[in-house]
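The values are calculated or read from the model by the stated rules, or taken from the named source; none is laboratory data. Because the structure is predicted, anything quoted here is derived from the model rather than measured. Glycine gets a Cβ as well: all are built from the backbone with ideal geometry, and neighbour counts include every protein chain shown.
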Amino acid sequence: MHTAEFLKKVFSGRTPWTYFYVFLIPFVNWSFAHVPSIPMPDGGAWPPLAIVTGFILVARDFAQREVGHHIFVAVFIGMAVSFLMAPPAIAIASAAAFLVSEVVDWAIYTFSKRPLSERVLISSVVAAPLDTTLFWGLASLSAEASGTFTPLTLVTAAASKLVGAYVVYLLLKQREKKAAVTQEKLPDLF
């Protein structure tokens with residue numbers, strides 16, 4: 001997709017997943033700063049909206065289907081808005097984590113020829129632990145998040161992201177099976 005085609009598609013409103021994806025990036029960063037975390041037994045904290053982050057990784061896959069390699073424009077827009085809505089330490093940690101996980105997601109989504117459901121699951125399994133580790137590692141350096149980066153925090157945050165991705169995987173898998181059954185029922189015209 002050429003840049004002119006990309007801009008026409010985006011400004012015509014034919015990219016709802018891309019718009020949703022751009023919205024989710026600053027939303028989740030704002031939420032990490034404003035929604036209370038749940039204390040963990042090891043002294044860390046679990047952010048309940050970590051589940052939403054798992055959906056962001058999936059929303060990115062759908063957005064890439066709409067805009068192709070221009071997905072990085074959406075990433076940078078979402079990160080820029082994050083700097084307006086979240087504390088600088090959270091925005092920086094998020095930007096670094098998103099960049100790494102999005103490159104991983106992009107590569108898996110782009111080069112894998114697996115069905116969409118499997119690409120979503122594989123990219124989430126690889127990207128979620130990287131994203132979580134980098135985000136919490138950098139965010140914990142700030143005064144706001146000091147002491148929240150513990151092994152249990154890391155495991156629960158990554159697992160939360162994977163739960164969201166797994167739910168979407170199951171829904172997509174079911175849709176793919178229905179499409180395959182429908183395809184089998186159609187007569188072969190050619």
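Summary of values
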| read-out | value |
| --- | --- |
| Positions within the range 77-112 being under 19 Å from TYR166 (Cα atoms) and either free of Cβ contacts under 8 Å to residues at least 40 places away in the same chain or in contact with a Ser or Thr (Cβ under 7 Å, 6 or more places away or on another chain) (or both), in sequence order | VAL104, ASP105, ILE108, TYR109, SER112 |
| Subset tally (residues that are among the aliphatic types (A, V, I, L, M) and either within 20 Å of THR133 (Cβ to Cβ) or out of contact with any helix residue (DSSP H, G or I) (no Cβ under 8 Å at 6 or more places or on another chain) (or both)) for the range 29-87 | 16 |
| Identity of the residue in the range 11-60, buried (at least 18 other Cβ atoms within 10 Å of the Cβ) and farther than 20 Å from ILE90 by Cβ, that ends up modelled with the lowest pLDDT | VAL58 |
| Selection count, the range 1-38, where residues are more than 17 Å from ALA86 (Cβ to Cβ) and in contact with a strand residue (DSSP E or B) (Cβ under 6 Å, 6 or more places away or on another chain) | 1 |
| Answer residue from the range 102-115, given it is assigned to a helix (DSSP H, G or I) and either surrounded by fewer than 16 Cβ atoms within 10 Å (Cβ to Cβ) or at pLDDT 85 or above (or both) and is farthest from the chain's Cα centre (by Cα) among those | PHE111 |
| Index of the failed condition, VAL67 passing every other in (1) surrounded by fewer than 18 Cβ atoms within 10 Å (Cβ to Cβ); (2) in a helix (DSSP H, G or I) | (1) |
| Residue in the range 134-142 that is polar (S, T, N, Q) and free of Cβ contacts under 8 Å to residues at least 24 places away in the same chain present | yes |
| In the range 121-140, the residues that are farther than 21 Å from TYR109 by Cα and among the polar types (S, T, N, Q) | THR133, SER140 |
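For (1) part of a helix (DSSP H, G or I); (2) on the phi > 0 side of the Ramachandran plot; (3) touching a strand residue (DSSP E or B) at 6+ places or on another chain (Cβ under 8 Å); (4) modelled with pLDDT under 85, each residue gets a yes or a no:
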| residue | (1), (2), (3), (4) |
| --- | --- |
| PHE149 | no, no, no, yes |
| LEU172 | yes, no, no, no |
| ALA180 | yes, no, no, yes |
| GLN183 | yes, no, no, yes |
